[in-house]
Amino acid sequence: MAATQPPRTQLEEDDEQVEDEQFIDPSDVAEEVPLEGDAPMEEDDEEERADGTKEDEDIQIDENTIQHFEAHNGSVFCISAHPTQPLAASGGEDDLGYIWDVMHGEEVVKLTGHTDSISSIEWSFDGEMVATGGMDGRVRIWKRVGKQDWKTWTFLTELQGPDEITVRECCRTIEL
C-alpha cells in the first residue's frame, strides 16, 4: 500500500516559487539613478532641524521639559509613577534605580545593588515598597521607613533568578 503525501500548504508552494525566481544580477544593472532626496550628503553639508539646531549637534534638553533624570549615567529603561504621591521611580543602563520628587526634580533616594541594567521598576499598590528587576537576574525590594517623609528607604530583600527579570506587577503579587 502506497503512502499518500499530505496536501501541500500555501507556505510550501510560496517557498518553491521563490526558489524558482531569478533575481537581478549586479552585472545586469546599466545605471543607478538616485531618487530625489536620496543623494548622499557631503561631510560638511549639515541639515538644519525645525528648531534651528544642526543634525549632528549634541542633543540638548528641550526648554519645555519639566523634569528629567539627570542622575542616571546612561539610558533610562523604565519609569513608574507612585500611586498616590508626586514621586516616580526610574531604572537604567547604569545599574541604578532612583526615586524622584517629580514636583522639584530632586533625587529622593538611590537604589543600588544590581550588577547589570535595571529593566523593570514597580511600586506596591500602596506605594510603601518599590521593586527593581535587572538583567542580572535579581529582583530587589525596598521599603519606606516611617510615615513622616518619603526620603528614608531601607533595602528589604532580594530574589535571585537565573536570567533577566521583568518585575511588572511584582509588588502587587508578593506578600511580605
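Just the residues that are in a strand (DSSP E or B) and touching an Asp or Glu at 6+ places or on another chain (Cβ under 6 Å), please, taken from segment 110-144. The answer is A131, G134, R138, R140, R144. Comparison of Q67, Q85, Q60 shows that the only residue that is surrounded by 13 or more Cβ atoms within 10 Å (Cβ to Cβ) and either at pLDDT below 75 or of a type in the set (D, E) (or both) is Q67.
Close contacts from segment 83-109, counting a first residue that is on the phi > 0 side of the Ramachandran plot and assigned to a loop (DSSP other than H, G, I, E, B) and a second that is modelled with pLDDT of 90 or more and of a type in the set (V, I, T), with Cβ to Cβ under 7 Å and a gap of 6+ residues or different chains, come to D95/T115; D95/I118. The set of residues in segment 102-113 being acidic (D, E) and within 23 Å of V139 (Cα to Cα) consists of E107 alone.
The values are calculated or read from the model by the stated rules, or taken from the named source; none is laboratory data. Because the structure is a prediction, the values reported are computed rather than measured. For neighbour counting, all protein chains shown are included, and Cβ atoms are generated from backbone atoms with ideal geometry for every residue, glycine included.
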